[in-house]
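Quick notes on the structure that follows.
The values are calculated or read from the model by the stated rules, or taken from the named source; none is laboratory data. This structure is a prediction, so every number in the text was calculated from the model and none was measured. As a convention, Cβ positions derive from the backbone with ideal geometry for all residues, glycine included, and neighbour counts pool all protein chains shown.
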Number of protein chains: 2
Amino acid sequence: MRKISAIISLFALLGTMPALAQEPENPEYPSPNAIVDAAPASDWVKIAPSDLLVMDLAPDAAGNLRRVVIQLMPEPFSQAWIRNIRKLAAAHWWDGTSINRVQDNYVVQWGDAGYDNPESGETEQKPLPKGLETVPGSDYQTNKFTPSIKKHVLDLRDAAYPDAFDNYSSGTGFGAGWPYATDQTSVWPIHCYGAVGVGRNYSPDTGSGAELYTVIGHAPRHLDRNIAVVGRIIEGIEHLSSLPRGKGQLGFYEDARKRVPITSIRLGNALAEEASLAFEYLDTEGEAFAKYADARANRRDPFFIVPAGGADICNIPVPVRRVKGE
Amino acid sequence: MRKISAIISLFALLGTMPALAQEPENPEYPSPNAIVDAAPASDWVKIAPSDLLVMDLAPDAAGNLRRVVIQLMPEPFSQAWIRNIRKLAAAHWWDGTSINRVQDNYVVQWGDAGYDNPESGETEQKPLPKGLETVPGSDYQTNKFTPSIKKHVLDLRDAAYPDAFDNYSSGTGFGAGWPYATDQTSVWPIHCYGAVGVGRNYSPDTGSGAELYTVIGHAPRHLDRNIAVVGRIIEGIEHLSSLPRGKGQLGFYEDARKRVPITSIRLGNALAEEASLAFEYLDTEGEAFAKYADARANRRDPFFIVPAGGADICNIPVPVRRVKGE
């Protein structure tokens, strides 16, 4: 019987996010993970707990807790919806709602599934808190350029980033920790894997923020500028992406018992464990990130034989890490 | 209490694969799904059962059958590995092996997990059938251009396809039902969602075809030309993509009991139900596909307000349908 080292056999497919002690490194061309691991503390930026939206699902069949942590987008993007989301969380509006839709290679969606009233024969929705804003579709993009956006997204052609080519815009880049696209007149956030957006009806101003979704497949970039992106999942996406796919149209659960109950959604600073919610992202304007992005586009670590010479912006996920809280 | 039509509320996120009776259509700009539904029978190409690899997993906890159907790639791509795969299936080699790795936004991998022999202290692998070929890494791409590849991939710049821009090649296109990329000298298959590839160790010629994986996240195009793509999943990917993520390094299951047993893997023509395995793909050289690709790149159906003007090739999945067998 042939014997093969189990270690080598198991690591047959590299090119992944977590750094591996067993992964051989070429000192001249470190892997993207090794570059991130070696980034100095000064290259990491703290995420304020008030910019986190923490979703707790009912425990799974084995009794395991399921927590999903979302980072909300910074200004000047999608802030009116984010104000609504802060109000919805403060009102505990999502508590008792559910995950209602899981569509393979597309999205997981949550919010109020509605209640079919047998007396009236109509579906009733949970009333929304007072004071939510109605946000126009024009807010899906902005022409307010922060200095960071101007330098790293709008003026990208001068920067010779490997990800400058894009089928969905005239260029993409990173500003203050997030991926954006531009048409040179305006700028907008991108639907990459894990992006969180605001579900809506046909009219562009119908999304309040109460109905949210996240991307669990290939980046559906055709949604950019057509729906509001309000954040990204930075921990626990596996509790959503591994849910059974819905068998109804668009992946909705036909059987209401398949819906996953949401115990609560709170802002990070509204939780008793606020101090332990300590996350940082790698500064997208720092030297380590530039090296990381280049290594993602040109894999020269030992497994690879042909570096691609470029990368789709959604294949350069901004590294986020959990650190020891106070 | 506010009342909202449940139908409208549920269909808050369109842009999906299955056509919907409820989806309003703009007759001038039909949705991609409507175009596919309206394609004439002559635009659909039958897939031979001998080009299908059918994987049956052990039933799930509720006793549901789990079948995954893979279409193998046509010539001139990856044929040496595919010959090995045909031999492995004929030898029933995979029966009793398992799904061993599920890494979020990356891959699901299956094959022989190895057996830790407590007497020798070594990990033993299941012996491979005799007569498998050792395939060089140079076979990850080819310079044998079929007329279809020449016209639709190599000469793409003249064709003004919306997906001509690519960060990973000098151009992409579709040839005889599959997406490819080129550097003008050679051509290779693309790692889109659902692509099936051959796991290997560090040396490029170490993948036999016994260890396979599929993509369950954003297209990891940096693997193109670095690993062999041998097929794509055309039915049942949800049985893989919704599995619990592995908690070990690279998403391997640390607890061997989490591995999902593979009951059998067979070629479609080796199964008693061969006649019912009737699948067709939309001819990528036909008029319906051209309209579909254009609509994927320029969404003008009622939900959309800004058509993107282009599309990543992995956002133009080739439509495949199951038809009534003989």
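Go through (1) farther than 20 Å from B:Phe303 by Cβ; (2) over 23 Å from the mean Cα position of the chain (by Cα); (3) modelled with pLDDT of 90 or more and name the single condition A:Thr134 misses.
(1)
Collect the residues in region B:194-210 that are facing chain A (nearest Cβ under 9 Å), part of a loop (DSSP other than H, G, I, E, B) and crowded, with 23+ Cβ neighbours inside 10 Å, keeping them in residue-number order. It would help to see each step written out before you state the result.
Here is the first cut: in region B:194-210, the residues facing chain A (nearest Cβ under 9 Å) are B:194, B:197, B:199-202, B:204, B:206-207.
So of that shortlist, the ones also part of a loop (DSSP other than H, G, I, E, B) come out as B:194, B:199-202, B:204, B:206-207.
Matches in region B:194-210: B:Gly194, B:Gly199, B:Gly207.
Take region A:127-154 and flag every residue that is in a loop (DSSP other than H, G, I, E, B) and buried (at least 17 other Cβ atoms within 10 Å of the Cβ). Steps first, answer last, please.
Within region A:127-154, the first condition is being in a loop (DSSP other than H, G, I, E, B), and the residues that meet it are A:127-136, A:141, A:143-146.
Across region A:127-154, the qualifying residues are A:Leu128, A:Leu132, A:Val135, A:Gln141, A:Phe145, A:Thr146.
Yes/no matrix, rows are residues, columns are (1) of a type in the set (Lys, Arg); (2) crowded, with 16+ Cβ neighbours inside 10 Å; (3) within 30 Å of B:Ala58 (Cβ to Cβ):
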residue: B:Ala278; (1), (2), (3): no, yes, yes
residue: B:Asp283; (1), (2), (3): no, yes, no
residue: B:Phe304; (1), (2), (3): no, yes, no
residue: B:Val320; (1), (2), (3): no, yes, yes
residue: B:Val323; (1), (2), (3): no, no, yes
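What is the one condition in (1) surrounded by 14 or more Cβ atoms within 10 Å (Cβ to Cβ); (2) over 19 Å from the mean Cα position of the chain (by Cα); (3) modelled with pLDDT of 95 or more; (4) of a type in the set (A, V, I, L, M, F, W, C) that B:Val69 does not satisfy?
(2)
Tell me yes or no: at least one residue of region A:297-316 is more than 27 Å from B:Gln141 (Cα to Cα) and at pLDDT 95 or above. Explain how you work it out, then say what you get.
Taking region A:297-316 as the starting set, the residues that turn out to be more than 27 Å from B:Gln141 (Cα to Cα) are none.
No, region A:297-316 has no match at all.
Taking region B:293-315, which residues are of a type in the set (A, V, I, L, M, F, W, C) and either assigned to a strand (DSSP E or B) or over 21 Å from the mean Cα position of the chain (by Cα) (or both)? Steps first, please.
First, pick out the residues of region B:293-315 that are of a type in the set (A, V, I, L, M, F, W, C): B:293, B:295, B:297, B:303-306, B:308, B:311, B:313-314.
Correct list: B:Ala295, B:Phe303, B:Phe304, B:Ile305, B:Val306, B:Ala308.
Taking only pairs six or more apart or across chains, which ones have beta-carbon atoms under 9 Å, a first residue in region A:240-269 that is on the phi > 0 side of the Ramachandran plot, and a second residue that is surrounded by 19 or more Cβ atoms within 10 Å (Cβ to Cβ) and among the basic types (Lys, Arg)?
Cβ pairs passing all conditions: A:Leu250/A:Arg101; A:Gly251/A:Arg101; A:Gly251/A:Arg245.
Scan region B:257-268 and give yes if some residue there is within 11 Å of another protein chain (Cβ to nearest Cβ) and among the hydrophobic types (A, V, I, L, M, F, W, C), otherwise no.
no
So which of A:Asn64, A:Asn33, A:Asn100, A:Asn105 ends up being assigned to a strand (DSSP E or B) and of a type in the set (S, T, N, Q)?
Exactly one residue qualifies, and that residue is A:Asn100.
Give just the number: which of (1) within 29 Å of B:Arg300 (Cα to Cα); (2) in a loop (DSSP other than H, G, I, E, B) does A:Pro244 not satisfy?
Of the numbered conditions (1) within 29 Å of B:Arg300 (Cα to Cα); (2) in a loop (DSSP other than H, G, I, E, B), the odd one out for A:Pro244 is (1).
Which one of the conditions (1) in contact (Cβ under 8 Å) with a residue 60 or more places away in the chain; (2) more than 7 Å from chain A (Cβ to nearest Cβ) does B:Thr185 fail to meet, given that it meets all the rest?
Single failed check for B:Thr185: (1).
Looking for whichever is over 17 Å from A:Val108 (Cβ atoms), part of a loop (DSSP other than H, G, I, E, B) and more than 12 Å from chain B (Cβ to nearest Cβ) here; the options are A:Ala290, A:Ala272. Which one fits?
Numbers: A:Ala290 fails: part of a loop (DSSP other than H, G, I, E, B).
Criteria check complete, one pass: A:Ala272.
For a quick check of your reading of the model, give me the residue pairs whose first member lies in region A:81-103 and is in contact (Cβ under 8 Å) with a residue 40 or more places away in the chain, whose second is β-branched (Val, Ile, Thr) and assigned to a loop (DSSP other than H, G, I, E, B), with beta-carbon atoms closer than 6 Å and at least 6 apart or on different chains.
From residues that are in contact (Cβ under 8 Å) with a residue 40 or more places away in the chain, the pairs are A:Trp81/A:Val135.
If you check B:Lys3 against the conditions, is it surrounded by fewer than 20 Cβ atoms within 10 Å (Cβ to Cβ), farther than 21 Å from B:Pro317 by Cβ, of a type in the set (Lys, Arg) and modelled with pLDDT under 95? Spell out the reasoning first.
Values: surrounded by fewer than 20 Cβ atoms within 10 Å (Cβ to Cβ): yes; farther than 21 Å from B:Pro317 by Cβ: yes; of a type in the set (Lys, Arg): yes; modelled with pLDDT under 95: yes.
Here the answer is yes, as B:Lys3 does meet what is asked.
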